[in-house]
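K.L.:
Pasting in a structure now, in structure tokens, and then I'll have a few things to ask.
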Amino acid sequence: MVWDSDKQKIGKVCCDCSGLISWATGIARNSQNYHDTALEVQPIATIANAPIGVAVWRKGHIGIYIGNGEYIAEDGSAYGCRINKLCNTNFTHWLKLIDIDYSGQEDTEMVEKLKIIVNGKEYFVDRILKDGTNYIKIRDLADAFGYTVSNNGSIPVLTKK
């Protein structure tokens with residue numbers, strides 16, 4: 001059984017979302033099996049605490065988180081394999097897959113752009129994720145709140161603009 005739109009792909013190399021991950025890991029599973037065998041299952045709202053390389057999942061679909069609010073997946077025959085923003089999807093969970101070695105990532109640092117809204121105005125700041133903790137540069141926050149930052153020795157001094 002093949003969708004009419006996919007008949008021209010018969011005999012060519014192609015895969016679905018779980019097939020992409022199965023190809024990379026060498027272990028064939030469907031998206032539900034990846035969920036059921038995951039070492040850890042967390043709500044997608046906590047993706048900021050996840051290491052790069054975890055799976056992003058919803059019933060019937062799976063992809064891989066690549067950082068900066070993006071994932072890569074086979075998103076159906078209309079789109080193929082692509083990078084997309086998580087905010088454009090309805091993933092419900094992120095998963096640490098049993099087939100992926102996440103060791104060595106505990107001490108890694110990831111920097112990504114984060115939008116914050118202060119008094120109705122949008123600002124983009126660098127968010128640094130290190131060891132499961134989020135950090136935002138004081139200069140970025142000071143700018144959003146209308147302050148300048150200087151130093152008194154090693155002590156940051158914020159002054160209203």
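The values are calculated or read from the model by the stated rules, or taken from the named source; none is laboratory data. These numbers were taken from a predicted model, which means no experiment stands behind them. Don't worry about glycine lacking a Cβ; one is built from the backbone with ideal geometry, like all the others, and counts go over all protein chains shown. Each accessible area value is taken on the protein alone, full model and side chains, heavy atoms only, with ligands, DNA and RNA left out. Shrake-Rupley method; radii C 1.70, N 1.55, O 1.52, S 1.80 Å.
K.L.:
Just the residues that are in a helix (DSSP H, G or I) and either of a type in the set (Lys, Arg) or within 17 Å of the chain's Cα centre (by Cα) (or both), please, taken from the stretch 35-51.
P.N.:
35, 44, 45, 46, 47, 48, 49
K.L.:
Of everything in the stretch 114-135, what is of a type in the set (Val, Ile, Thr), at pLDDT 80 or above and open to solvent by less than 100 Å² (accessible area, probe 1.4 Å)? Give them in sequence order.
P.N.:
Result: 116, 118, 125, 128.
K.L.:
Can you tell me which residue within the stretch 27-53, out of those that are free of Cβ contacts under 8 Å to residues at least 24 places away in the same chain and of a type outside the set (D, E, K, R), is nearest to residue 93 (Cα to Cα)?
P.N.:
Filtering the stretch 27-53 for residues that are free of Cβ contacts under 8 Å to residues at least 24 places away in the same chain and of a type outside the set (D, E, K, R), the one nearest to residue 93 (Cα to Cα) comes out as 45.
K.L.:
Identify, by number, the condition in (1) outside any helix (DSSP H, G or I); (2) among the small types (Gly, Ala, Ser); (3) touching a Phe, Trp or Tyr at 6+ places or on another chain (Cβ under 9 Å) that residue 28 doesn't meet.
P.N.:
(3)
K.L.:
Let me ask something else. Considering only residues that are touching a Ser or Thr at 6+ places or on another chain (Cβ under 9 Å), surrounded by fewer than 23 Cβ atoms within 10 Å (Cβ to Cβ) and within 16 Å of residue 17 (Cβ to Cβ), which ones fall in the stretch 39-74?
P.N.:
44, 58, 59, 60, 61, 74
K.L.:
Could you look through the stretch 95-113, keep only residues that are among the acidic types (Asp, Glu) and open to solvent by less than 70 Å² (accessible area, probe 1.4 Å), and pick out the one that is modelled with the lowest pLDDT?
P.N.:
Checked the stretch 95-113; the qualifying residue modelled with the lowest pLDDT is 112.
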